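The values are calculated or read from the model by the stated rules, or taken from the named source; none is laboratory data. Since the model is a prediction, treat every value here as computed from it, not as a measurement. Neighbour counts run over all protein chains shown; Cβ positions are idealised from the backbone, glycine included.
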Amino acid sequence: MLGTSVVILVSFAYLGLLFAIAYYADQRADAGRSVIASPYIYSLSLAVYATAWTFYGSVGRAADNGVGFLPIYIGPTLMIALWWVVMRKIVRISKQNRITSLADFIASRYGKSALLGGMVTVIAVVGILPYISLQLKAVSSSFTTVLQYPEIAAPAALHVSLPQDTALYVALILAAFTILFGTRHLDAAEHHEGMVAAIAFESVVKLVAFLAVGAWVTWGLYNGFGDIFERTAADAQLKPMLTPFGGVGGDYSSWIWLTILSMLAIMFLPRQFQVTVIENKDEKHLRKAIWLFPLYMLAINVFVLPIAFGGLLHFPRGTADADAFVLTLPMSQKQELLALVVFIGGLSAATGMVIVETIALSTMVCNDLVMPVLLRLRGLGLNQRKDLTGLLLGIRRGAIVLILLLGYVYFKIAGEAYALVATGLISFAAVAQFAPAALGGIFWKGATRRGALAGLAAGFGVWFYTLLLPAFARSQWLPAGLLEHGPFGIEFLKPLALFGVSGLDQLTHAMIWSMVANIGAYVGVSLLHAPSAEEHRQASLFVDVFTWPGEARFWRGTASSPSLFNLLARFVGLKAASEAFRDYARAHGVERPEADADLVHFVEKQLAGVLGAASAHIMVASVVKEEALTLEEVRTMLDEASQIVVYSHRLEQKSQELERASQELREANARLTELDRMKDEFVSTVSHELRTPLTSIRSFTEILHDNPQLSLAERERFLGIVIKETERLTRLIGQVLDVSRLESGRVEWHESLIDMREVIEDTAASTSQLFRERNVRLERNLPSRVPKVRADLDRIVQVVVNLLSNAVKFIEPERGRVEIAVAEDHGFLRVDVRDNGPGISAEHQEIIFHKFRQAGDPLTGKPQGSGLGLYISRRIIEHSGGRIWVSSRLGDGACFSFTLPLAG
Amino acid sequence: MAGSDVRGQRLAALCLLGLTLFSYPVLAVFNVPETVAGIPLLYAYFFVAWGSLIALMALVAERPD
């Protein structure tokens, strides 16, 4: 089953399937129905991070030192927690500036510097070569291993001569495949939807394959995790693996450096930048990716240790390469299908990395290295060529082949000296050099182009000297004496113990020195020189991306619309250029676009999507006459723009304040209108109430006046009525005065300690006449001792009198009975006045406490009071901190109660 | 923006928490020859702590604004 033809056939079938997926996704994208616009596909595409390194190398690393494989995945998990702050900003900047690659990003930040872009490209290409060679090595050796079946080949047996060198064929096939994949056509937005779809699929394949072999080793070959670890602990040689720190696993400082290195790699590996930033469809996808991608990394690592220890236990020492355990374990047990699945999983891990990495690198090589040079060479006449899209594609295809061949060369030179992971870490350390310039660039406006150049050069130099040279030296391509005695015998400069610092592992040593050199030069040189106008402008665009008011343009000069159109057409093709101009005209509501700053900016942005910012800038400059802006002018423009933001912010605040104020005014006005209405009502009610007794006084005095012959008895009766009505009038006026004083707050309150018993006794005495007149019995139900309350004595007497006289007034004479009781009630003193009168219906129980409102229909029933007594009582009780209410049922008497807080 | 700002800060705090969990001296506490359910303590710790951290990140990231 594992014969050569089968393996090759399955491999090509798999690559064909990938191509089909990519083709389908591209078709869907062209039809406007993207398949990759999903946070899940986005997260899976990020998993291109897991390469052959993860698939084969992690087990090798774990077999070597236990925990050493973990920081490569824990570091990114920690970094991703910062993505919401950092990566969201980078994505936003890149979308606004149509960034096409990491080199473009850094060049664009530092004033669209072509030199910086070229430098980043060179570092990226050289730095990534070990990483690509790792993939070639993994694929070719897994291929060779599978073909040895049923033999398990020892590592040394894999050396072959060039014609049979599978690594070379693998490199060439992958190059052809990548060209088909990534450079079929030129996308102005530099989006590769098909590639992303295929990568997401590959992420599923490699995860499933790894989990399959992991589960088989754990539960098929052994009896679960516990069994494997138990046997490991029982093996004297393997036992130290279980507590690796300070022993086989190195010390804690190298662990920390590996974590930091991986944190930077997840952001600045060209392929990660490609899938995370350039291929990002929607900023919101980051939200899911923030936990889904770490979850993926966790899942693909669960079985690494069981496979590593399982392999070490299974094979006699030195007979099998730990990097190949994933494959050789199933092979040793004749699990042919599983071995094939693993082989395909490894292939998917490696191809995914190679495809995205070379596409990202080829874009950089084309846009930031080759094109700026070609465009400057006027002798080539590129400025006259009609259509340059073919040239661009040609450059990219050439770059892909070149990069893969260079990867192959590195593999031949240094690939055998290190295990997979150690090889990959050299690349990690290289891309970590981008971190100061890129991260500093989005948070620190003072960073300059010279600072970035100096930092990158210094960091890369140290990396080259302390990591790459030793790799060559170890493979005998350079004299080994370089490592032992230093260059020209200068021990002080030994690449592995620079300036005499020894005792660190190679990677920690290189990271410390390169970061010191990089950050030091970056910060130091940045502070030495002021930024140019262009740098200052770009710095503001990058650092303030979230607060910037739309798009800012800084351009002054003259241009012509046709020349701009022709320029765009040369690079994106006639059709795409016409479309772009049509969209632009429609968006601006004009027939033909005018050649103003807007259009120049638009064209430059479109070009940047194909050429990168630096080249686009050069090209646009070639067809328009730009007046150079001084730093002062750019500063002024920036200040103006930020002033506008501040002003509009303030304006917004002011208008909000105004709205609040006018809302308050409206409410106040409504209150006033209501008060006015109430006052009118009050005056008219009072007049009405006053007129009733006045009318009756007047009519009776008139009768007395006009009829002198009236009998004495009748006169006395009439005069009695007049006196009663006068009393009523006096009482009414007194109450109206009370109300007006209470409402205006002009009442003087004379608070003192009151004994409610005394109050009730006195009141009962003073109202006894009333009770006698109507023959109503008053029952007092008073405890012998009543706690004192603090209130105004006269006012409280007024309340009690009011309640008692109300009770008498509404009660049926002869049968009537009024009971007054006092009791303590939760910190209050409560007074109840209960009668057996007609009662008050529920609907009236609240109304009677309002001004001029009485129970009973005012139209039919003659009002028996002013309608102010209860209102005044309520004001008094509430002012004294108590409550007054009535509980009653119609026909069943009423009970008026009030409470007063106990003194103390 | 206020909501996302808080989210950014919470996630950054989780990053710091992770850095603490996966460095000296916390790791030294678990670098001992003990086992939990047959699994060496250090490795059990790594995966449990890592998984919990991811769960927290999911909670913070997916919390509605």
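State all residues of segment A:371-408 that are of a type in the set (A, V, I, L, M), at pLDDT below 85, in a helix (DSSP H, G or I) and surrounded by fewer than 23 Cβ atoms within 10 Å (Cβ to Cβ); if no residue qualifies, say none. Answer for segment A:371-408, where residues must be of a type in the set (A, V, I, L, M), at pLDDT below 85, in a helix (DSSP H, G or I) and surrounded by fewer than 23 Cβ atoms within 10 Å (Cβ to Cβ): A:373, A:374, A:375, A:380, A:391, A:392, A:393.
On the stretch given as segment A:43-71, residues that are within 14 Å of chain B (Cβ to nearest Cβ) and surrounded by fewer than 24 Cβ atoms within 10 Å (Cβ to Cβ) total 4.
Among the residues of segment B:6-65, none is identified as basic (Lys, Arg) and either in contact (Cβ under 8 Å) with a residue 60 or more places away in the chain or under 29 Å from residue A:229 (Cβ atoms) (or both). The selection criterion, being more than 14 Å from every other protein chain (Cβ to nearest Cβ), more than 20 Å from residue A:438 (Cα to Cα), in contact (Cβ under 8 Å) with a residue 40 or more places away in the chain and crowded, with 24+ Cβ neighbours inside 10 Å, does not hold for residue A:74. Regarding residue A:94, is this residue out of contact with any Pro (no Cβ under 6 Å at 6 or more places or on another chain) and within 14 Å of another protein chain (Cβ to nearest Cβ)? Criteria not met by residue A:94. So, residue A:17, is that one assigned by TED's automatic domain parsing to the domain that holds residue A:211 and surrounded by 20 or more Cβ atoms within 10 Å (Cβ to Cβ) or not? In short, no. Name the residues in segment A:422-450 that are over 17 Å from residue A:103 (Cβ atoms), in a helix (DSSP H, G or I) and in contact with a helix residue (DSSP H, G or I) (Cβ under 7 Å, 6 or more places away or on another chain), would you? Answer for segment A:422-450, where residues must be over 17 Å from residue A:103 (Cβ atoms), in a helix (DSSP H, G or I) and in contact with a helix residue (DSSP H, G or I) (Cβ under 7 Å, 6 or more places away or on another chain): A:423, A:424, A:425, A:426, A:428, A:429, A:443, A:450.
Residue B:30 meets the conditions (1) within 24 Å of residue A:286 (Cβ to Cβ); (2) more than 7 Å from chain A (Cβ to nearest Cβ) in every case but one. The failed one is (1). Is it fair to say residue A:33 is without any contact (Cβ under 8 Å) to a residue 60 or more places away in the chain and surrounded by fewer than 21 Cβ atoms within 10 Å (Cβ to Cβ)? It is true that residue A:33 is without any contact (Cβ under 8 Å) to a residue 60 or more places away in the chain and surrounded by fewer than 21 Cβ atoms within 10 Å (Cβ to Cβ). Of the residues making up segment B:35-54, those that are of a type outside the set (A, V, I, L, M, F, W, C), touching a Leu at 6+ places or on another chain (Cβ under 9 Å) and facing another protein chain (nearest Cβ under 9 Å) are B:35, B:40, B:43, B:51.
Every residue, every condition in (1) modelled with pLDDT of 80 or more; (2) closer than 23 Å to residue A:878 by Cα, yes or no:
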site	(1), (2)
A:806	yes, yes
A:818	yes, no
A:822	yes, yes
A:828	yes, yes
A:832	yes, yes
A:839	yes, no
A:852	no, yes
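Of all the criteria given as (1) surrounded by 15 or more Cβ atoms within 10 Å (Cβ to Cβ); (2) closer than 28 Å to residue A:696 by Cα, the one not satisfied by residue A:786 is (2). For residue A:292, the stated conditions hold: it is within 21 Å of the chain's Cα centre (by Cα), of a type in the set (A, V, I, L, M, F, W, C), in the same structural domain as residue A:45 (by TED's automatic domain parsing) and surrounded by 18 or more Cβ atoms within 10 Å (Cβ to Cβ). The criterion of at least 1 residues that are within 11 Å of chain B (Cβ to nearest Cβ) and modelled with pLDDT of 90 or more is met by the following helices (runs of 4 or more DSSP H) wholly inside segment A:216-300: A:252-268.
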